[in-house]
1. Which residue is farthest from GLU61 (Cα to Cα), if the candidates are limited to the range 1-42 and must be assigned to a helix (DSSP H, G or I) and of a type in the set (Val, Ile, Thr)?
2. Considering only residues that are in a helix (DSSP H, G or I), touching a Lys or Arg at 6+ places or on another chain (Cβ under 7 Å) and in contact (Cβ under 8 Å) with a residue 40 or more places away in the chain, which ones fall in the range 144-157?
3. Filter the range 71-126 down to residues that are under 18 Å from TYR137 (Cα atoms), of a type in the set (D, E, K, R) and more than 16 Å from the chain's Cα centre (by Cα), then give me how many there are.
4. Being closer than 19 Å to VAL145 by Cα, in contact with a Gly (Cβ under 9 Å, 6 or more places away or on another chain) and modelled with pLDDT of 95 or more is true for just one of ASP53, ASP89, ASP114, ASP122. Which residue is that?
5. Using the structure shown, decide if ASP147 is surrounded by 12 or more Cβ atoms within 10 Å (Cβ to Cβ), at pLDDT 95 or above and among the charged types (D, E, K, R).
6. Take the conditions touching a strand residue (DSSP E or B) at 6+ places or on another chain (Cβ under 9 Å) and of a type in the set (S, T, N, Q) and apply them to ASN83. Does it pass?
7. If we keep just the residues of the range 77-111 that are closer than 19 Å to ILE44 by Cα and among the small types (Gly, Ala, Ser), which is surrounded by the most Cβ atoms within 10 Å (Cβ to Cβ)?
8. Please go through (1) over 15 Å from CYS16 (Cα atoms); (2) touching a strand residue (DSSP E or B) at 6+ places or on another chain (Cβ under 8 Å); (3) in contact (Cβ under 8 Å) with a residue 60 or more places away in the chain for MET111 and return the number of the only condition it doesn't satisfy.
Amino acid sequence: MKRVERILFVCLGNICRSSAAEEIMRVRSGRQGLIIEVDSAGLIDYHEGELSDPRMRRHAEARGYRLTHRSRPVTREDFGRFNLIVAMDANNARRLRALAPTPDAEAKIVMAADYLSRHVADCIPDPYYSDDKAFDYVVDLLEDVCDGLVASIQAQQ
């Protein structure tokens, strides 16, 4: 029996990077016939209940991704529910490690940039205080990350 993959994408506020990654992964894994549970969350609850940033929604929609996720904070239960917790940058990973309830839970935390194959970057930068080019670049990176995750999952099956 195939293992059901459950992936949680995490960034600071869950209104740009992680919410976009969630939908991009859903679409790109679906194109490959994979059934994956995907969600996203933030390390702060400031934007809880909000849709993704309008700029991210616009740039994602231009590529065929419809972002409908509403921001939520990471919970302790997420560490038990998900097989893989994907941090967008080193600060996110550090904060996730501090929240992890067990060493096994901490071992589920990975860096998004580790799955890049077409781009060279050590993180997925936060576009929130940047211009339209930054949002486009983040979507480029996230498509690459999600393709890498899909390939990794397919290689394990």
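The values are calculated or read from the model by the stated rules, or taken from the named source; none is laboratory data. Keep in mind that this is a model prediction, so the values were computed, not measured. Don't worry about glycine lacking a Cβ; one is built from the backbone with ideal geometry, like all the others, and counts go over all protein chains shown.
1. By that ranking, first place goes to VAL27.
2. If the condition is that a residue be in a helix (DSSP H, G or I), touching a Lys or Arg at 6+ places or on another chain (Cβ under 7 Å) and in contact (Cβ under 8 Å) with a residue 40 or more places away in the chain, then CYS146, ASP147, VAL150 are the ones that fit.
3. Counting residues in the range 71-126 that are under 18 Å from TYR137 (Cα atoms), of a type in the set (D, E, K, R) and more than 16 Å from the chain's Cα centre (by Cα) gives 1.
4. Working: ASP53 fails: closer than 19 Å to VAL145 by Cα; ASP89 fails: in contact with a Gly (Cβ under 9 Å, 6 or more places away or on another chain); ASP122 fails: in contact with a Gly (Cβ under 9 Å, 6 or more places away or on another chain).
Just one listed residue meets the conditions, ASP114.
5. Answer is yes for this residue.
6. On the way: touching a strand residue (DSSP E or B) at 6+ places or on another chain (Cβ under 9 Å): yes; of a type in the set (S, T, N, Q): yes.
In short, yes.
7. ALA87
8. Going through (1) over 15 Å from CYS16 (Cα atoms); (2) touching a strand residue (DSSP E or B) at 6+ places or on another chain (Cβ under 8 Å); (3) in contact (Cβ under 8 Å) with a residue 60 or more places away in the chain one by one, MET111 breaks only (3).
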